[in-house]
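A short worksheet on the structure shown next.
Please treat every number below as a calculation from the coordinates, not as lab data. Computed from a prediction, not measured in an experiment: that's the story for all the values here. So basically every Cβ, Gly included, is an ideal-geometry build from the backbone, and we count neighbours across all protein chains shown.
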Amino acid sequence: MSFNPTSPYKIRYAPGIWEKMCVSVGAFDPEHYAILGGRLDDPFYVTDFMPMPPLLNPDGNYHSSSATVTLNGPFIEYYLNTCLLPFGKYFLGVMHSHPGGMNSLSGGTPGSGHGDIPSMRAHLEAAARYGEPWHNFIAPIVNYPGPSPQVTTWVVRLDTPRPILAEAIWETSRQVPDADTAPISKIDEILDLVSYRPDLVRALLQKSDVLKAFLRRRNVRNEDEARLVLRQILKRRVETSKKAVTASDFKVMTPTEIALMIAPPFF
């Protein structure tokens, strides 16, 4: 975990995010990434963490390598419009992994959109054009993915020429709650991972005490029953989300706006 006591910025990560990182971006070979979300009125508190697949090439393969990754615009658009904006949240940044011990952001020609820093600055410039009060791109780098990943957190701003090294504060829960009394948001986190990254299901079942306890309390004995339980949870979540959407006023971003917000997508 990164720590810089002299940094002007302290980035807090909500409970559970460290664990989610460890079984996703922190577990797979570079370069994998996850979208970070939170509230713009508390821009240094990351409440949401969503692993995403790279963009697909025309041949059906992911547009990524051990050195670069292309963000998946349509997936990010869907996630922003369905899981962040309806709940008063926004896109705060991207966590992605680098090979070896490269814990700094990659550079590149300004305005090219290629390289970490030009791409991140392009996102902030697009937000500024749309009048969005998003000024701090949170950009954690994961090194040595595997059993003991390391994370270095950076902040990119338009009013500073270089990224700012930040202190990372990983909040933890004091105890794992019983699944029957756990907040629905905990189940939401599990469902998000299952929905967007089916390749993480096995790791999730192995490592998530919340999900294992939830299924165990319902005497789930096989995969069919497990899928039924998850469908029931998802139905409850959709119904709850519909009520929240009806009761709130939020802006849905169009595909064109999203494309401008997340392009150029190269990291």
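Taking label positions 7 Å along the Cα-Cβ direction at both Gln150 and Lys10, the computed distance is 2.4 nm, reported to one decimal. Once the C-beta distance of Tyr78 and Arg129 is scaled by a Förster radius of 22 Å, the resulting FRET efficiency is 0.50 to the nearest 0.05. Within the shell defined by Cβ-Cβ distances under 14 Å, the residues around His135 carry a net charge of -1, with Lys and Arg each +1 and Asp and Glu each -1.
Judged by the mean number of other Cβ atoms found within 10 Å, the most tightly packed of the peptides 27-38, 128-139 leads the ranking 27-38, 128-139. Using the Karplus relation 6.51 cos²θ - 1.76 cosθ + 1.60 with θ = phi - 60°, the per-residue 3J(HN,Hα) values for the stretch 145-150 come to x, x, x, 9, x, 10 Hz, with x marking Gly and Pro.
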